[in-house]
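Read the figures in this text as sums done on the coordinates, not as results from a lab. The structure presented is a predicted model; accordingly, all values stated were derived computationally and were not measured. Positions of Cβ are generated from backbone atoms using ideal geometry, with glycine treated the same way; all protein chains shown enter the neighbour counts.
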Amino acid sequence: QNENDDTLVIKQQLVGLHSGEYEQDIPEAMKWFYMAASNHNDPDSQFFLGMCLHFSKVLGCEIPVKEYQLYRQKDGEEPDVDIVHDLDTLAFQWFQRAADDGNHADAQYQLGMWYISNAPEDDGERHKAMGKALRYLNLAKKQGHQAAIETLNDINS
């Protein structure tokens, strides 16, 4: 397959997951998201790979960890034994790549909400986390992300 074929399949997977128009196959989608996210630095694929990892149980897929391990091994990376225990950390890393490198508004929003949800109890650390949350939410807001706008309005009221 050439890069154009890969791009077509990736777009079909994105549409299928996002709209429900195609039958959903989470492991197959993850394979294509991973390839595009890691090989082509595609922000949409980075974001959707993060979503697959973060919401794997909600999406009804219990095997993304095994699938993700296989993709990493095929790319010559060492398997990560702790991966099973920390899908949220992996999802966070992919969201961060999409947000920072790809200026992806949905990823910026997800990171902002992650920092809010996971802010520590300690006042100093909580203040740092909220600063990061506001940074990402404001980046998403600049791109017109409606949920980020509403969240920031709620925080400021």
Q | Point-to-point label distance, residue 153-residue 119, nm (Cα→Cβ direction, 7 Å offset) | A | 2.0 nm
Q: Just add up the charged neighbours of residue 149: K/R +1, D/E -1, any other residue whose Cβ is under 11 Å from the Cβ of residue 149.
A: 0
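What does the extension gain come out to for residue 40 and residue 132, with contour length at 0.36 nm per residue minus their alpha carbon separation? Walk me through the intermediate numbers first.
Values: separation 92, 0.36 × 92 = 33.12 nm, distance 2.71 nm.
Answer, rounded to one decimal: 30.4 nm.
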Q) Tell me, what HN-Hα J-couplings in whole Hz come from the Karplus equation 6.51 cos²θ - 1.76 cosθ + 1.60 at θ = phi - 60° for each residue of segment 110-121, using x for Gly and Pro? A) 4, 5, x, 5, 4, 5, 5, 5, 10, 5, x, 6
Q | Ordering of 88-94, 127-133, 98-104 by burial proxy (mean other Cβ atoms within 10 Å per residue, highest first) | A | 98-104, 88-94, 127-133
Q) Mind listing the phi-derived Karplus ³J(HN,Hα) values for segment 125-134, rounded to whole Hz, using 6.51, -1.76 and 1.60 with θ = phi - 60°, and x for any glycine or proline? A) 5, 5, 4, 5, 5, 5, x, 5, 4, 5
